[in-house]
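The values are calculated or read from the model by the stated rules, or taken from the named source; none is laboratory data. Keep in mind that this is a model prediction, so the values were computed, not measured. Heads up, the Cβs are rebuilt from the backbone with ideal geometry, glycines too, and the neighbour counts pull from every protein chain shown. With ligands, DNA and RNA removed, areas are computed over all heavy atoms of the protein, side chains included. Shrake-Rupley method; radii C 1.70, N 1.55, O 1.52, S 1.80 Å.
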Amino acid sequence: MLRVGMGNRKRQDGFTIIELLTVIAVIGALLGVATTIILSYRYSGRDAERESDVESIARSFEISYLRDATANGPSYPTTQKATTTSGYGSLFKGQRLDATKAPDTTVATSIVAATSATQPQSPTKDQYIYLPLTANGTLCNSTSLCVRFFIFYRREGDNTVHAVE
């Protein structure tokens with residue numbers, strides 16, 4: 001009887017270590033790229049929310065300027081009024097109060113007072129720095145008229161500081 005076959009050769013099933021490592025490396029690279037893309041979308045979303053929040057805050061300050069004129073004339077909110085939530089009911093009438101909080105923060109408000117009139121300010125991604133100014137460009141206090149303001153915020157995606165005037 002004649003037998004045709006493989007003879008003494010052993011049959012090999014499965015993958016070699018090199019093949020497995022190559023597949024794992026490719027999957028790891030794809031996951032790294034996917035993670036980077038997903039994070040950039042999350043940063044972009046939070047940055048868009050920051051920009052919307054700052055524009056909403058600035059609009060509220062403009063409305064307050066026109067609505068709440070003092071005997072000396074109209075004035076933007078002082079830093080104390082803009083940074084303490086106790087006065088927000090009157091300051092942000094009809095506005096959504098969560099606009100005063102930066103995205104993904106749990107603090108009551110992210111609006112902080114500028115400590116000097118020097119520009120530019122340096123907020124963190126969780127802060128909106130409010131800088132009210134008098135007519136001569138000094139930092140506005142509770143006894144002077146605030147005739148101009150800036151709100152500074154930091155974009156998370158590219159780590160740059162932007163201002164709304």
When all Cα-Cα pair distances of the chain are considered, the percent exceeding 20 Å is 61
Largest-first ranking of T79, T100 by accessible area, probe 1.4 Å, whole protein assembly kept, is T79, T100
Answer in debye to the nearest 20: the dipole magnitude of the chain about its Cα centre, from +1 Lys/Arg and -1 Asp/Glu charges placed on Cβ, is 640
Helix 17-67: inclination vs the chain longest Cα principal axis, degrees, rounded to 10, gives 10
Count of lysine pairs, the chain, Cα-Cα under 23 Å, sep. 8 or more residues or interchain, comes to 5
Carbon and sulfur atoms account, in whole percent of the 1.4 Å probe accessible area of the chain, for 57
Between A69 and Y41, the FRET efficiency computed from the C-beta separation at R0 = 45 Å comes out, to the nearest 0.05, as 0.55
Taking T143, T124, T36 and ranking on accessible area (1.4 Å, protein atoms only), highest first, one gets T143, T36, T124
With S44 itself left out, Lys, Arg at +1 and Asp, Glu at -1 over residues whose Cβ is under 12 Å from its Cβ give -1
Rounded to the angstrom and largest first, Cα extents along the principal axes for segment 39-104 equal 51, 20, 20
Note to self: with every protein chain in place and a 1.4 Å probe, the chain gives an accessible area per residue in Å² of 65
Residues of segment 109-153 with backbone N under 13 Å of the label point set 7 Å from the Cα of T84 along Cα→Cβ are 142
